[in-house]
Amino acid sequence: MFERDSDHESESRRERLRFWLTIGVGTILTGVVAALVLLLMRANDAYDRSLGWQAHSLEVISQTRSLDAALARAEAALGRFAVGLQKDDGRIYQQQYGVAMQYLRLLQRNVRDSPEQAELVRQLGVELERRGEQLGDAALSANYRQTIAAISKYNAAAHDPALGRINKLLAQLIRDERQRLSERNRIAASDRASLNQAIIMFSLLGAAAAIIAIAATFSLLRVEGDRRLARREQFAESERAMELEAAVEARTAELERANVALRSEMTERETAEARLRQAQKMEAVGQLTGGIAHDFNNMLAVVVGGLELAQRWLSEAPDKAERHIHNALDGANRAADLTRRLLTFARSEPARPEMTEIDACIASFAELIERTIGDRIALTLDLQADGLACWVDRQQFENALLNLAVNARDAMDGHGSLTIRTLRDEEEESAALAVQVIDTGCGMSPEVLERVFDPFYTTKPAGQGTGLGMSQVFAFCRQSGGEVQIQSTEGEGTSVAMLLPVAKPKAAGVEDDAGDGALSPADPADMLNILVVEDDHRVLAATVDAVSELGHKAVACGNPLEAEAMVEGHGGFDLILSDVLMPELTGPEMVARLKQRWPDLSVLFVTGYAGDASEDASFGDHDVLRKPFTLAALDRAIRRSGDARAVETQRLAG
């Protein structure tokens, strides 16, 4: 009995011992588990923060590269816009530059945590703002179709030191962020190692707890096994994420290398194109100097010769003198037209087509061709297209014909025969008219024939040709809807044929009222008081005489600064006829001052510079008359201005 009590007491002590041991172990395990859970949570949070910083660094690097790429695309689009003047390229430039600015704002927001990076981004913003002003200036010139100015500004921007500073800032941003990324990768690896250690310790503790409690609950072991499986999957996902990040980084590096190679190629190409354009420009300047003087001398020979013959026959045979005066006037008009065609070629002005009877045009132009080619060359007209007309710019057609005649004269070395023949070619569905210019000159080799239509290409000595004649013939034929063909044999001669589409005849009753017919002075009721403002006294005197000849009252003003006082002293004028380019004050500036006091003044601008008439903003809604002008053209311009004033007066009265 005592033994049973002793055994029971011993069992009771063991039970109490096991109980308190269990409590103690449980408490210890609970504390350890709590400590390990806390450690695991902190390690997991630290690892999540490290991954977030890694993603942040990758995002900053990606945005920096995207900004660089957007800038490169914007500048490439601007280069195409400056050369080709295509509005789509201008819109691409604006879009890509806007994308670059968006990436800049993202960078400013993402680097706020780093003062060093924030300072670099601030400097980058300042440089980009300056760069934007430079590129915007080039884009503005291209938008106004000022090709040379746009290319010059774009080329200057491409060599500006600011571009190097921008590239250095971008490289510094990427380099600093890479250093941060490397440091964050090291921290992430350390955090991951701490997390793994915590997980291992927690696993060991779980295994120990499972061994201790294996007899009490088998289900806990199963749960722990499930937890281990989940952790393994988490480890696997983490490894796959790291592999994906490594693949993304490798691909990013590959794209960066490709981008660097592409920008290098673009830079080399732009440099080569700039050198080529500069070489062509310098060659053209040298060739144009002599060629233009050569063509003008031909025109001046007609003017001087006609005036001398008119002076000789003025008293004895007025009819002959009048005919020679008409010839001199025709030569002067053609000299003025030569300047218009040169400016048309340089500024790509549109053609002014009209219904032109080719045979009649050639017949009336033949006399000028004969005087141009000289007496030692026999000119034969074989015109077989009587009554057929083409829709062409008459002056450009005559210029093309004169270019072909001059080339033929030079090829024949001043003596030979030149034939101008017109034929109707009805082999095609749409009938065409062929204008052939055939000479008996030296002909051309196959090598010369291949380049005969290239601009600025000439076989003539320096100072005797511009190299623009045949290219202008080619451009005229294409612009008129036709084509040009050329056949040549060395030692035998050359035949050039301009094939032009035959136009349908005009409807009956349609007349051209733009001629320079006989003029009659203005009726007294239509007489205008006109203030003529011109700084050149000879031009001023001639213009005042011309206005008076048309029946109007003209008042001369040789200084634009005196115009306001003269308007006030005469009580106003019906029309201000003003030159554009004058010293001290330009015509538009003078008119702007007068308009402040007399807003209803009618204005007619007169200019001899082709660039003036394209600046519509400075002329407003006022008419523009080009120098040199005829009395008929001046009369029409004054009548237009007077009619406009009458309409405005009626509108205000109503």
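Each value in this text was obtained by applying a stated rule to the coordinates, not by laboratory testing. If you're wondering where the values come from, they're calculated on a predicted model, not measured in any experiment. Here the Cβ positions follow ideal geometry from the backbone for every residue, glycine too, while neighbour counts run over all protein chains shown.
Points worth noting:
- Amide H to amide H distances under 5 Å link L433 with D425, L500, V502, where only residues 5 or more positions off or on other chains count and H is placed in the peptide plane.
- Listed values for the stretch 53-60 are Karplus-derived 3J(HN,Hα) couplings in whole Hz (6.51 cos²θ - 1.76 cosθ + 1.60, θ = phi - 60°), namely 5, 4, 4, 4, 5, 4, 5, 5, and x replaces Gly and Pro.
- The stretch 356-422-the stretch 531-594 distance, computed between alpha-carbon centres (Å): 43
- Taking amide H atoms as placed 1.01 Å from N in the peptide plane, the amide H of L418 lies under 5 Å from those of A378, L379, T380, each 5 or more residues away in sequence or on another chain.
- The value for the stretch 355-501 of Rg(Cα) / (2.2 N^0.38 Å) is 0.99.
- Pairs spanning more than 32 Å between alpha-carbon atoms, out of K87/K595; K320/K627; K553/K595: K87/K595.
- The simple spin-label model puts a point 7 Å past each Cα toward its Cβ; for S548 and E129 those points are separated by 6.2 nm.
- With the Kirkwood sum run over all distinct C-alpha pairs, the stretch 16-216 has a hydrodynamic radius of 21.1 Å.
- Inter-site label distance for S182 and A72 at 7 Å from Cα along Cβ, in nm: 2.4
- Of the peptides 534-547, 573-586, the ranking by mean beta-carbon count within 10 Å, highest at the top, reads 573-586, 534-547.
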